[in-house]
Each structure stands twice: as structure tokens, then as C-alpha cells.
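These notes concern the structure reproduced below.
The values are calculated or read from the model by the stated rules, or taken from the named source; none is laboratory data. Owing to the predicted nature of the structure, the values given are computational and were not obtained by experimental measurement. When we count neighbours, we look across all protein chains shown, and the Cβ atoms used for this are built from the backbone with ideal geometry, even at glycine.
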There are 2 protein chains.
Amino acid sequence: MTPVVVSTEGPLRQAVAAARRKGNQVGFVPTMGALHAGHVSLIEKARAVNGFVVASIFVNPTQFGPNEDFTRYPRPLERDLDLCAGVDLVFVPDVATMYPPGFQTFVQVKDLSNILEGASRPGHFQGVATVVLKLLNLVQPDRAYFGQKDAQQVRVIQQMVRDLNVPVEIAVCPTVREPDGLALSSRNQYLDVNQRREATALNQALDKAEEMIREGERNAGVIERAMVDHIAATPGAVLDYAIAVDRETLKPASPFRGTILLALAVKFGATRLIDNRIVEC
Amino acid sequence: MTPVVVSTEGPLRQAVAAARRKGNQVGFVPTMGALHAGHVSLIEKARAVNGFVVASIFVNPTQFGPNEDFTRYPRPLERDLDLCAGVDLVFVPDVATMYPPGFQTFVQVKDLSNILEGASRPGHFQGVATVVLKLLNLVQPDRAYFGQKDAQQVRVIQQMVRDLNVPVEIAVCPTVREPDGLALSSRNQYLDVNQRREATALNQALDKAEEMIREGERNAGVIERAMVDHIAATPGAVLDYAIAVDRETLKPASPFRGTILLALAVKFGATRLIDNRIVEC
């Protein structure tokens, strides 16, 4: 199946409305393109539950900081469309369609946006929340699909949808990994051979932290220290943060129990990778 | 007709969905209660065009400043429900329903929110934009109705709906006035007898400014000065602002032509009144 590709609001709304009139439920997979098996797993999940599946490909400028990789972010559109074979409709707007002259409205999910990724990337989650809300309003899906790989993004979007009463179900899908454990990311292609080999340290540090919790450790500082030490012992890796927090608030879990999010961000040269693990205890 | 009254999300969504299944379009009139003939005119407009009409009554705490009249804002619920006789469904949520624990998401319409009313009332339009978006997401109307009396609010909501691709038509209805020209407002009841008499100065100042434009005046400063002088000559009146600006941007129109918004804010004691006029030139 070759998906229909549209780039503007009118044809998008018409196509979705036509699918609804035929009785379909609508699933939506928003992406920034540079698709990999993680995105394909989201499409497959959407395909399994919804009669009509929409994907979007839009490298959203408002979620990149001034010194980030917006201009060099990969945009392999033809390959992306091939990977959208399981999709009915692909929405590929240009920047002027999403942010026309005079655009000035932003969504802020306050407490969740300024910590962790948000501390390293000011304005990032305001850009994410705003573009996701725009896309949800354009597509009006029954369900939207996001990867657990971006754990904080998931929480920001869940909270936004709850707080603003957006009528959509947010489906969170497991992180897809390379055989050696590296979480798939469009940014992995920036890594050189040595960095690529050492990048497995993120997943290994999470393995170690998860094992500590399973063996009874309940001191967040001790768990975080183990992740810090593992990254510190990795050549070429520079730690940004390593945390063991409450999954809902992204703040210290006290007492340390319930659903714990282990998460870390590590730089290899200019490339910043993130990964995470959820552990019940 | 006595409207159905609901106070929570589930029954609201069910009632609207049932009306839609019967083929109705949905009109929505959001209010803070203390209804007057201005609100009733919005209900009548909604009634004329939509098969199903929803009104909401919610005194929204997030649009009041710390020193404003949130607690003493009038809440005559029984009388309000009588005035909703033309409505099918009235949504009357409590504060905890709209802002549950953990609530943290806000919508900012940046350029339009910090000037005029926003300069005098920091955070006001963030509160307005956020609650209106929540209500639009809860009701999902085809059309929502607002009064031109709150000219800046109208622009903030129009801009938010455009920027966030909210699928709703915003209908703006003319200001309703007392026989002596005072614009109807829930806050007029705060005025004492003398203040009530002098409050016609707002409409008179707008009359004078409109006449100047019709007679060819194109200097915004001269027009604004005439409004300032008129209010200065009014006993008990303290001017906040008087402006002649571009209706779309709320900024100086240069050249001075097209759709001009004349607007002013005046205090009588603790009571702050606003009024405006749109003039094509």
C-alpha cells in the first residue's frame, strides 16, 4: 500500500473526514522523519487497532535550541515514505504551513518541562507540546502513538492532553533496540564507529540500575551513582544526567517505590543520546 | 425549555455526542455567569444557527489577578440558569474539575497578551486562553460565540484558534448596551448611582473618536487625546488606557487605515470598565 501524501490542512481534514464517514477510527503517529524500526513499530501498533492510520513527518523548528541540529537533522523523505507503507495518509507540512506569519501561541507544561531534558534544552518541551497539540487538532485522531524512548516527552504530552482535555488516547509503545541494546534514534547515525560501540553504555547502565532495584536497593542516590560511574568508565562518553525518579512527576520518589523511571542523557562528541527504563518496585 | 445541567466531563461529552448522532451541529457560549442581555444575545445567535446549544458557567480563577475580584465576582446561579432557557445543556464545573491536582499546562498567545488589558492584568489572557481551549476541547463545538465587548479577548481567542488549528468557528457578536449607551457588563452592578451615571463617558468618548475618524482625522495620537480628555473631564473616572490601533495586531496602524479598534479602560473606584468600537477607514 502506498500512502497518500498531503502537505496542507484542507486536504488533510478532508481525507480524515472521509475515512471517518466510512466508520473508521483514526490512529496517528507524529514523527520528525528519519524513520527507523522504532517508528515502524508505532505504525504497526496504530495499524492493528485503527481502520485509518495517519503519520506526520515534520522537523519542528520550535523544539530545537539555537545551537542544536535543526538544519542538519536528517530528512530522508523518500526513504521515510517507503517506511510509511503501512500508513493510509502521510502529512508532510512545510514550516510556513505550521507557523504562518503572525504565529504566536505556545503551550507550556510547566513543572515537567524545565527539568532533565528541559534543563539542557530550554524551550524544547514548549516546542514539542505546541506542535503536538497543533497536529492533534489537525488530525483529530482517536489514538496517538509515542515511543517510551522519549520518556519525558511522553509525560509532557500525557499531562498536556489531561490538563487541556484533549479528546485523544495517548498510546505509549516500548523502546526498540539494536541487537547490542542501543535504543534506536534518528541521531545514532551521527555516531562514528567508536562512539557507536561505546553508546551501548546507556543501556548497560540502565541494566545495572534496574538490577540493583530488583535486588532491593531503595536509595535513589546509590542507584544514580552506579549509572554515573558506568558512564564515567566509558571512553568518549560525557554524562549530562542520570536519575532514578517517580515516573509521573519526574521528581524524587519518596518513599522510593511504585513506578520508577531510570533515565540518562549522555553526549558522545556533539551527539546527545538518551535512554530510560521503567521499573516497578 | 429547561436546559440539562451537568458538572463533569463524562456526562457533558455523552450529551454532546448524543446530540451529534441525531445530526445536530453544536454551538457553544462560554460564560463566567452573572448573565445579562449581552450573554442572552450570544445564546440567541447560537440558537439560530445550531441544532444543539451548550453554555458553560465557570468563574475561572486563572484569569483573575491576585488583587482582583475572583472571590466577590457575582455568582447568581439560579438566575443564570433562568437566562439559559434557550440552551440545551449548561456545563457548570467546579474549580477542582477544571484544575485538578497536578494541573500545570497553560496556553500563551504571546504578542497579543501583554499589552492593554494584559499590561494591567498580568496573566489574565493566559488564564482566558487556557480555560477557553479546555472548554472547546470538552464541548468540541462547531461554533463558539464571544462578545465584541471584550475586544482583546476576541483577538486572543481568534489567534489561539488559528495558531493551534483548533477546529471551531469563532463567532463575534456585537456589544449590547443600556439605553444610555453603557456597554453591558457583569461588573456594572458594582457601580454606585453616581458612578453608573458617569460610566456613559466610555461610550461617549468612543462616539467622539469615531466621529473624528469619519470626519477625516487620521492621526492616532489626536484621536486618543480626545478620548483621554473626555474621560479626564468625567468626575470619578480614572483612565487606564485609550487607544486607536490596528484591530488585528492591537498595535499602531501605520498608515492609519483599514480596520481600526478604538478601545478604552476606565476605573470608577475599584471597578474597572472597558469598551470599544470598530471603525473602518
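Details
- Exactly one residue among B:ARG20, B:ARG47 is in a helix (DSSP H, G or I), without any contact (Cβ under 8 Å) to a residue 60 or more places away in the chain and within 14 Å of chain A (Cβ to nearest Cβ), and that residue is B:ARG20.
- All positions within segment B:204-245 that are β-branched (Val, Ile, Thr) and over 15 Å from B:LEU273 (Cα atoms): B:ILE213, B:VAL222, B:ILE223, B:VAL245
- Qualifying residues in segment A:140-151 (those that are more than 8 Å from chain B (Cβ to nearest Cβ) and either of a type in the set (Lys, Arg) or under 22 Å from B:THR130 (Cβ atoms) (or both)) - the one surrounded by the most Cβ atoms within 10 Å (Cβ to Cβ): A:ALA144
- The strands (runs of 3 or more DSSP E) found entirely in segment B:213-281 that carry 1 or more residues being modelled with pLDDT of 95 or more, loosely packed, with under 15 Cβ neighbours inside 10 Å and not hydrophobic (A, V, I, L, M, F, W, C) are B:259-268, B:271-280.
- Taken over segment A:26-72, the criterion of being surrounded by fewer than 17 Cβ atoms within 10 Å (Cβ to Cβ) and among the hydroxyl-bearing types (Ser, Thr, Tyr) is satisfied by A:THR71 alone.
- Residue within segment B:86-103 that is assigned by TED's automatic domain parsing to the domain that holds B:LYS134, among the hydrophobic types (A, V, I, L, M, F, W, C), within 23 Å of B:LEU191 (Cβ to Cβ) and at pLDDT 95 or above present: no
- Test: residue in segment A:190-204 that is more than 21 Å from A:THR249 (Cβ to Cβ) and within 14 Å of chain B (Cβ to nearest Cβ): no
- Residues of segment B:141-163 satisfying the condition of being out of contact with any helix residue (DSSP H, G or I) (no Cβ under 6 Å at 6 or more places or on another chain), in contact (Cβ under 8 Å) with a residue 40 or more places away in the chain and under 14 Å from B:LEU112 (Cβ atoms): B:ASP150, B:ALA151, B:ASP163
- Comparison of A:LEU184, A:LEU112, A:LEU133 shows that the only residue that is touching a strand residue (DSSP E or B) at 6+ places or on another chain (Cβ under 7 Å) and in contact (Cβ under 8 Å) with a residue 60 or more places away in the chain is A:LEU184.
- Of all positions in segment B:122-129, at least one carries a residue that is in contact (Cβ under 8 Å) with a residue 40 or more places away in the chain, away from chain A (no Cβ under 14 Å), surrounded by 19 or more Cβ atoms within 10 Å (Cβ to Cβ) and within 20 Å of B:ARG272 (Cα to Cα).
- Of all residues in segment A:88-121, those that are within 11 Å of another protein chain (Cβ to nearest Cβ), assigned to a loop (DSSP other than H, G, I, E, B) and under 20 Å from A:ARG162 (Cβ atoms) total 1.
- Counting only residues that are within 14 Å of another protein chain (Cβ to nearest Cβ) and acidic (Asp, Glu), segment B:160-179 holds 2 of them.
- Among the residues of segment B:1-50, those identified as at pLDDT 95 or above and of a type in the set (Val, Ile, Thr) are B:VAL4, B:VAL5, B:VAL6, B:THR8, B:VAL16, B:VAL26, B:VAL29, B:THR31, B:VAL40, B:ILE43, B:VAL49.
- Among (1) more than 18 Å from the chain's Cα centre (by Cα); (2) part of a loop (DSSP other than H, G, I, E, B); (3) surrounded by fewer than 21 Cβ atoms within 10 Å (Cβ to Cβ), the one test that B:GLU78 misses: (2)
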